[in-house]
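The values are calculated or read from the model by the stated rules, or taken from the named source; none is laboratory data. Predicted, not measured: the structure shown is a model, and the values here were computed from it. Please note: Cβ atoms are built from the backbone with ideal geometry, for glycine as well, and neighbour counts cover all protein chains shown. In case anyone asks, the SASA skips ligands and DNA or RNA and just uses the protein heavy atoms, side chains included. Shrake-Rupley method; radii C 1.70, N 1.55, O 1.52, S 1.80 Å.
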Amino acid sequence: MFKFWGSQEQQGQPRPEEVARGPAQSWYPPSIVGSPSSSRPATPSSASSSTSHSFQSPAERPLSPSPAEAAAFITLLKDKSIDELRKLLSDKDAYHQFLLSLDQVKIQNNIRDELRKETLQLARENLEKEPRIMELRNQCRIIRTTELAAAKEKLNELERQKEELLRSCSPASLLQMLQEAMNKTEEESEALHRQFLDKEIDLGAFVQKYKKLRTTYHKRALIHLAAKASPTA
């Protein structure tokens with residue numbers, strides 16, 4: 001075990017190998033490593049002093065780990081020697097190996113691998129369904145060009161018949177039909193009257209037919225008059 005970096009002895013008396021080697025070139029950002037002249041991780045006191053001299057925006061400031069995560073990291077790092085820590089700072093491959101050995105990273109990698117496998121499985125299933133999709137698409141195209149055209153034509157014919165029926169049942173159309181029926185009855189009465197004058201029909205038959213025609217005419221006339229007087233006419 002080595003003494004923690006916060007002790008006065010370590011801060012005041014640098015090791016000979018540190019003086020001989022000189023400062024290690026770290027691939028960390030300056031905001032993480034701290035002073036370029038120091039090859040060891042920044043202590044809480046040095047971190048607070050560096051924060052007072054340089055300001056980082058929220059976008060540049062790294063996310064702070066939770067206390068439990070920080071304690072786990074400290075547990076992993078506290079047993080490492082100075083050389084091992086310096087290697088983590090300067091050697092990117094060593095840092096990646098250490099990073100991949102963390103449980104949190106292993107969990108994230110396992111989740112990523114599972115998601116990748118599920119995505120590949122879904123892609124294979126979609127590719128297997130492609131022939132069926134093409135077949136259904138062709139069937140839809142055939143239905144669109146044949147059965148759908150015939151059904152649309154039939155629908156248009158039914159729509160036209162409906163419009164004609166609605167026009168024939170409108171109040172104006174009904175009044176027109178009633179007026180035509182009244183005129184026809186009037187013409188039949190006049191024809192029957194001429195037959196009687198020309199002695200083509202006897203009196204008994206004339207009276208019976210003429211009475212029936214005039215009764216029908218007056219009924220239709222009353223209905224026509226009442227319809228015209230109605231507000232909905």
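A few remarks follow.
- Of the cross-linked pairs Lys154/Lys219; Lys129/Lys152; Lys78/Lys106, those separated by over 30 Å at the C-alpha level are Lys154/Lys219; Lys129/Lys152.
- Between Thr75 and Glu135, the simple spin-label model (points 7 angstrom out along Cα→Cβ) gives 5.8 nm.
- Values of log10 I(q)/I(0), in the order q = 0.23 Å⁻¹, for segment 109-216 under a Debye, Cα-only, solvent-free model: -1.13
- Asp83 accessible area, assembled protein chains, probe 1.4 Å, Å²: 80
- P(r) of segment 171-233 over all Cα-Cα pairs, binned every 5 Å from zero, in whole percent: 3, 18, 24, 17, 13, 9, 8, 5, 2, 0
- Neighbour net charge for Lys219 - beta-carbon separation under 14 angstrom, K R +1, D E -1: +4
- All other residues whose Cβ lies under 14 angstrom from that of Leu148 are scored, Lys and Arg at +1 and Asp and Glu at -1, for a net of +2.
- Shown for segment 74-136: the carbon plus sulfur share of the solvent-accessible area, taken with all protein chains present and a 1.4 angstrom probe, equals 56%.
- Computed about the Cα centre, the dipole magnitude for segment 92-233 is approximately 300 debye when only Lys and Arg (+1) and Asp and Glu (-1) carry charge, each at its Cβ.
- Residue order by solvent-accessible surface for Leu99, Leu222 is Leu222, Leu99, largest first, with ligands and nucleic acids left out and a 1.4 Å probe.
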